Amino acid sequence: MFTQSLALAAAVLGVVQSLTLLGQARTLKRIGSAREVSLPFLGLAVLCSIAWLLYGSLHGDPALVAVNAVGLTGAATTLITAVRLRAADSAGTQPGGRLTENPATTKAITYDQPRNPQFAVAALTA
C-alpha cells in the first residue's frame with residue numbers, strides 16, 4: 001500500500017515538475033530573453049528525462065515511461081526556446097531582447113552619501 005502511494009505521488013510530482021518547465025518556456029517567450037536561464041541545467045533535465053524514459057521502457061513500466069515522456073517534452077521545449085532566444089538575442093534580431101521594467105513597480109535608488117553610490121539604499125517609489 002505504501003509503495004503504491006509513493007509511486008502515485010512520484011508520478012504526480014513528475015508531471016507537475018514538467019508543467020513548471022513548460023511555464024518557464026512560456027515566460028521566456030513572453031519576456032523575449034533567455035539570458036538569465038541556465039542552459040546546462042535544461043540540458044541536464046533533458047538527459048535525465050531520456051535516461052529515465054529508457055529505463056522505464058527497458059523494465060516495461062508504463063507509468064515511468066509516461067511521466068518521463070511528459071518530462072522530456074517540458075525540458076526539451078524549454079531548452080529549445082532558450083537556445084532560440086539566445087541565438088536571436090546574440091544576432092540582434094530579437095526586438096525585445098531585454099527585460100523591461102514596469103514604471104509602476106520600479107524601485108528608485110537614493111543615496112545616503114551623495115557622491116558615493118556604494119552606500120545606495122533602495123526606497124520604494126510611491
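Values quoted throughout were computed directly from the atomic coordinates according to the rules given, and no laboratory measurement underlies them. Source: prediction; values computed, not measured. Glycine gets a Cβ as well: all are built from the backbone with ideal geometry, and neighbour counts include every protein chain shown.
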Relative contact order computed over the stretch 2-98 (Cα-Cα under 8 Å; 6+ residues apart), in percent: 42 percent
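Placing unit charges on C-beta atoms (Lys and Arg positive, Asp and Glu negative, everything else neutral), compute the dipole magnitude of the stretch 2-98 about its Cα centre in debye, rounded to 20. If you can, show how the numbers build up before the last one.
On the way: 7 positive and 3 negative charges, 92 e Å.
Charge dipole, the stretch 2-98, about its Cα centre: 440 debye, nearest 20.
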Within the stretch 29-63: backbone nitrogen closer than 13 Å to the residue 17 label point (7 Å, Cα to C-beta): 42, 44-53
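So between residue 80 and residue 7, what do we pick up on full extension, going 0.36 nm a residue minus the alpha carbon distance?
Values: separation 73, 0.36 × 73 = 26.28 nm, distance 2.99 nm.
Working it through step by step, the gained length comes to 23.3 nm.
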Whole-Hz couplings from phi, Karplus 6.51/-1.76/1.60, listed for the stretch 41-51; x for Gly and Pro: 4, 5, x, 5, 4, 5, 4, 5, 5, 5, 4
